[in-house]
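Asks: The structure that follows is given in the form of structure tokens.
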Amino acid sequence: MKVPFADLRAMHEEVRGEIEAAWRGLVDRSAFIGGPAVAEFERAFAEYCEVPHAVGVGSGTDALRIALQAVGIRAGDLVLTVPHTFIATVEGITQAGASPVFIDIEADSYTMDPVLVEEYLERGCRLKDGVFVERKSGRRVAGLVPVDLYGHPADWDRLVALARKFELKIVEDACQAHGARYRGARCGTFGHAAAFSFYPGKNLGAMGEAGAITTADAAVAERCRVLRDHGQQERYIHITGEGGNARLDALQAAVLSAKLQRLEAWNEARRRVAAWYASRLEGLGVTLPQEMPWAAHVYHLYVVLLDERDRVRSALDRAGVQTGLHYPVPLHLQGAYASLGHRSGDFPVSERVANHGLSLPMFPHLTETQVDTVVAVLRVALASGMVAR
Ligand SMILES: *Cc1c(COP(=O)(O)O)cnc(C)c1O
């Protein structure tokens, strides 16, 4: 039996009728940018995230850049983030004109390590003429972009306390964590603003590109609305500066509103799949994903750590079980960031997860029988490695 890594079709069959009806209405009216479909989705998504404001944008990458600009990150600033994430996290920082400072992740949650953040801020930075700057570069240290990676929240209480103490702005990268909770509160509520992606494969996905920013701050929300639409508060009037074109379109908003109704059930289904994996993988010498006591994980990805990851992955592939790597090369070792001058060994936890992490099939409609197949194939692959050694 073949097991795909992800299968979006079953989700779309559940909502096909609603989406087709909504799209027919939009074609009838032939109004595609903004309008009631976008406003309705923004209202519903804000309510779902238990946050006052949501602003729809063109993608998660747009959401990160615009959120950083809206909270006050300026050209030349330094912004702390993690090397173990999708590159878009850092693109948002550089596209806002700032530069990333990498901080390693924790070994259990795979999210930004607050101890290392504190160490960098205490030892690596100082106040100079009333501005908090990095000692070695003299540049202003202005913000923090922790990532709720794989659907598991970062350790927000500790990160927020540090941001308060050092007066840093937080933009939460919640692009993988729609619906996750930290001590009962939703992801998307912990920073001055948060970024979501609705790339089709995310827990809440569009049928194309889309994203959103959530915030409790009305002024930040208003700046995001202006920045996503050419700096306009009124049509053809650009008072505070230019923005760009990063709008959410009505066809995607209609899809997202329909799918949002099912998100809780689909996240529950992912948690059920994760529990099936956990009970079957116990004792196989595989490191399972942790759900910290303060977390409600939504398993965007189910990532295990293995010795001989590449060999095991090939064996699974030959047996028809598709897997993924998220992400095989940490960002500090990518050519794109060579100018930062990092070397192998600089961020050991990130490097370990990059070298040993394997993403197993994970989607809401994955069946218990399919999980049994994945685990059976994995058992054989692990055992054949032992014989060979
Ligand atoms: C998907 C993702 C993004 C970018 O979202 P897009 O909608 O693809 O631009 C950013 N950060 C993380 C962690 C992501 O997983």
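Asks: Can you spot the aspartates and glutamates whose alpha carbon is less than 18 Å from Lys136's alpha carbon? Ignore those fewer than 8 places along the same chain.
Replies: Asp77, Glu118, Glu119, Glu122, Asp346
Asks: Hey, if we sort Glu282, Glu40 by accessible area with the 1.4 Å probe, largest down, what's the order?
Replies: Glu282, Glu40
Asks: Separate question: Just want the answer: with Cβ charges of +1 for Lys and Arg and -1 for Asp and Glu, which residue in Gly17, Ser99, His326 is farthest toward the dipole's positive end in the chain?
Replies: Of Gly17, Ser99, His326, it is Ser99.
Asks: Got a number for carbon plus sulfur as a percent of segment 58-141's accessible area, 1.4 Å probe?
Replies: Using a 1.4 Å probe with all protein chains present, segment 58-141 comes out at 47 percent carbon and sulfur.
Asks: Have a look at His178, Ala269, Val71 and report the one farthest towards the positive end of the charge dipole of the chain, computed about the Cα centre with Cβ charges (Lys/Arg +1, Asp/Glu -1).
Replies: Checked the options; the winner is Val71.
Asks: Something else: When the chain is fully extended, how far beyond the present Cα-Cα distance does Arg311 get from Thr94, taking 0.36 nm per residue of separation?
Replies: Separation in residues times 0.36 nm, less the Cα-Cα distance, equals 74.5 nm.
Asks: Next up: What helices in the chain pass both tests, a Cα length along the helix axis of 24 Å or more and a mean Kyte hydropathy of -1.0 or higher, using whole DSSP H runs? The partial results should precede the final answer.
Replies: On the way: long enough: 9-29 (29 Å, -0.78); 263-281 (27 Å, -0.61); 368-388 (30 Å, 1.16).
The qualifying helices are 9-29, 263-281, 368-388.
Asks: Taking R0 as 30 Å, what's the FRET efficiency between Arg123 and Ala161 from their Cβ-Cβ distance, rounded to 0.05?
Replies: My answer for the efficiency is 0.95.
Asks: Moving to a separate point now. At q = 0.07, 0.10, 0.17 Å⁻¹, what log₁₀ I(q)/I(0) does segment 8-260 have when each alpha carbon counts as one equal point scatterer in the Debye sum?
Replies: -0.24, -0.48, -1.24
Asks: Related question: Taking the Cα centre of segment 8-260 as origin and charging only Cβ (+1 Lys, Arg; -1 Asp, Glu), how large is the dipole, in debye to the nearest 20?
Replies: Numbers: 28 positive and 34 negative charges, 104 e Å.
It comes to approximately 500 debye.
Asks: While we're on this one: Tell me, what is the FRET efficiency for Arg235 and Ser30 to the nearest 0.05, using R0 = 30 angstrom and their Cβ-Cβ distance as r?
Replies: Calculated value: 0.95.
Asks: May I pose another question? Which of Glu50, Glu291, Glu308 moves most in a GNM of the chain, Cα contacts under 10 Å?
Replies: Looking only at Glu50, Glu291, Glu308, the biggest GNM fluctuation is shown by Glu308.
Asks: I would also like to ask the following. Provide the solvent-accessible area of Ser279, counting protein heavy atoms only and rolling a 1.4 Å probe, rounded to the nearest 10 Å².
Replies: Surface open to solvent at Ser279 totals about 80 Å².
Asks: For segment 78-221, what is the accessible area per residue in Å², given a 1.4 Å probe and the full set of protein chains?
Replies: On a per-residue basis, 33 Å².
Asks: Mind giving me the FRET efficiency for Trp23 and Asp217? R0 is 22 Å, r the Cβ-Cβ distance, nearest 0.05 is fine.
Replies: Calculated value: 0.05.
Asks: Quick check: pseudo-label points 7 Å beyond the Cα along Cα→Cβ at Asp108 and Asp372, how many nm apart are they?
Replies: Spacing of the two 7 Å Cα→Cβ label points: 3.4 nm.
Asks: Can you spot the aspartates and glutamates whose alpha carbon is less than 13 Å from Lys2's alpha carbon? Ignore those fewer than 8 places along the same chain.
Replies: The reachable aspartates and glutamates, counting only those whose Cα sits under 13 Å from Lys2, are Asp317, Asp372.
Asks: Also: If the cut-off is a Cα-Cα distance under 18 Å, which lysines reach Lys259, setting aside same-chain residues fewer than 8 apart in sequence?
Replies: Lys202
Asks: Ignoring any ligand, DNA or RNA, what whole percent of the accessible area of segment 263-388 comes from carbon and sulfur when the probe is 1.4 angstrom? Could the numbers behind the result be given before it?
Replies: Details: 2940 of 5720 Å².
Answer for segment 263-388: carbon and sulfur cover 51 percent of the accessible area.
Asks: A further question follows. How far is the Cα center of segment 334-359 from the Cα center of segment 21-39, in Å?
Replies: About 44 Å separates the Cα centre of segment 334-359 from the one of segment 21-39.
Asks: In Å², what does the accessible area per residue of segment 314-389 work out to with a 1.4 Å probe?
Replies: That works out to 49 Å² for each residue.
Asks: Calculate the all-directions average of the projected area of segment 263-388's alpha-carbon convex hull, and give it in nm².
Replies: 9.7
The values are calculated or read from the model by the stated rules, or taken from the named source; none is laboratory data. Here the structure is a predicted model, which means the values were calculated and not measured. Neighbour counts run over all protein chains shown; Cβ positions are idealised from the backbone, glycine included. For accessibility, only protein heavy atoms count, side chains too; no ligands or nucleic acids. Shrake-Rupley method; radii C 1.70, N 1.55, O 1.52, S 1.80 Å.
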